[in-house]
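Notes follow the structure.
Just so you know, all these numbers are worked out from the coordinates, no wet-lab data involved. In this text the structure is predicted, and so the values were computed from the model without any measurement. Ideal geometry is used to build each Cβ from the backbone, glycine not excepted, and the neighbour counts take in all protein chains shown.
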Amino acid sequence: MTVPLNPPSVTAKSGPHHFLDRIGIPKALSWGFLGVLIFMIGDGVESGFLSPYLLHDGVSKERVALLFTVYGVTASVSAWFSGALSDLWGPRRVMMLGLGIWATLQVAFLGIAVPTHHYGLLLVSYGLRGFGYPLFAYGFLVWVTAVTPRHRLGSAVGWFWFAFTGGLPTLGSLVASFTVPWMGTYRTLWFALALVAVGGLIAVLLVREPTGRSRLAPPGERPVATLLGSLSIVWRKPRIGVGAVVRTINTAAQFGFLVFLPVFFTDTLGFSLTEWLRLLSAMFATNIFFNLLFGLVGDRLGWQRTVAWFGGVGCAITTLLLYYGTVASGDDFALAMVLVSLFGATLAGYVPLSALMPSLAPEHKGQAMSALNLGAGASTFVGPAVVALFLGPLGVQGVMWIFAGLYLASAGMTLFLTLPAQDSTAGAPAAPAPSRAESV
């Protein structure tokens, strides 16, 4: 992948002194950040109630877990392809493909599968829809890393995750907390489709930056070599493979929680569905602001230390606090708000991975981003799979201990993510190089 370290599309056209550039948002991509936010709000609308909605509709717990697992598998594959296909086609075309897949299969899910109560159709339409959001969102992330000057990349990536998690599931769940009582769950799912369409069109139509409109790989590079290189880097450079596993653990619990915590909070603890949706919104409202904070902390304390201590160890502690604190207090809404917010804050401790991973393979940044995206996508599969395998025999308590153990393991694995010798004394990438293109 060819990554301009000081791209003229950002520096020459926008100027380094524009307000958006000063706060870390490349002006040329500003509409894209808004589009991703709205798209992910639509994608996140269902996150807090789809599981209990399907259970109420007669789908068994095991089948709901399988449905989310299949969705996670397709999202994982799609996340890897988002980087590789961006190299081949350009990020904008990949984003358009993701938007089209999401919208088409949501229509099939709501228009055919849900009304007929046919599990096979539910599995196909919802499961394959998992290809949609990673192509769109992570395609834009590749666009961000391709055109942002090196010295601003950490901030730009932080803003991407601010938009991503601001939508899924933070504002998405908040929107659902108002629309579900007003228009019902089924109509809310159609409303989510409208939000996705609006956000997607904003991003693909209003972002005029030219780099993302064409392939990023060198002209002579063959498609098969590009695709295989984006996967083989995981074992060619073991640190990249370890980083991908750490990224998988990062949000595995988040996606696993969405399978069983709605039922646990409403049926076991006694919260209403609206209260649960607002707790979920609070969890990730905290997360989006700490995404920016830990980006700054990582630049000063060091990316590796931030991920290990605030991310891995912090999430292990807050996961257990979330379970034991809520069990002890029952339906105490104020305390539950504090506990979910603590988890959301520590979850953001992994944000520096998005700057650390491409720095681990400076000569293959595009492939490193594919590995990072693969780990992000895999988390949507691993989390629900853990729930599907262990919720029955071990219960909620056992599953929470498994997730806490995974977080501690990720903290240990982070010790292997040491930067190349020339960057080891720095907490952030080196100062921007002269304007040139680096072939990856």
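Full extension of the chain between Asp267 and Trp190 gives 25.1 nm of extra length, using 0.36 nm per residue less the Cα-Cα distance.
Applying 1/(1 + (r/R0)^6) with r as the Cβ-Cβ distance of Thr104 and Trp182 and R0 = 30 angstrom yields a FRET efficiency of 0.65.
Remark: the stretch 343-348, residue by residue, has Karplus-estimated 3J(HN,Hα) of 5, x, 5, 6, 4, 6 Hz, where x stands for each Gly or Pro and the curve is 6.51 cos²θ - 1.76 cosθ + 1.60 at θ = phi - 60°.
Counting only alpha carbon atoms, the long axis of helix 153-165 and the longest principal axis of the chain meet at about 20°. On full extension, the segment bounded by Val198 and Ile317 gains 39.0 nm, given 0.36 nm per residue less the C-alpha separation.
Taking K and R as +1 and D and E as -1, what net charge do the other residues with C-beta under 12 Å from the C-beta of Leu50 add up to? Can you show the working numbers first?
On the way: positive: Arg129; negative: Asp43, Glu46, Asp57.
For residues surrounding Leu50, the net value is -2.
Remark on the chain: Rg and Dmax equal 20.6, 63 Å (Cα only).
In this label model, Leu301 and Ser232 are separated by 3.9 nm, measuring between points 7 Å along each Cα→Cβ vector. Angle of helix 119-129 to the longest C-alpha principal axis of the chain, folded into 0 to 90 degrees and rounded to 10: 30°. With contacts taken as Cα pairs under 8 Å and at least 6 residues apart, the chain reaches a relative contact order of 29 percent.
Just the C-alpha atoms of the stretch 172-242: what Rg/Rh do they give, with Rh taken as the Kirkwood radius?
Working: Rg = 20.5 Å, Rh = 16.5 Å.
My calculation puts Rg/Rh at 1.24.
Between the alpha-carbon centres of the stretch 282-318 and the stretch 76-135 there is a gap of 30 Å. Residues in the stretch 91-100 carry Karplus couplings, in order, of x, 4, 5, 5, 5, 5, 5, x, 4, x Hz; the curve used is 6.51 cos²θ - 1.76 cosθ + 1.60 with θ = phi - 60°, and Gly or Pro positions show x. Sequence-ordered 3J(HN,Hα) estimates for the stretch 228-240 from the Karplus curve with 6.51, -1.76 and 1.60 and θ = phi - 60° stand at 5, x, 5, 9, 5, 4, 4, 9, 5, 10, x, 4, 5 Hz, glycine and proline given as x.
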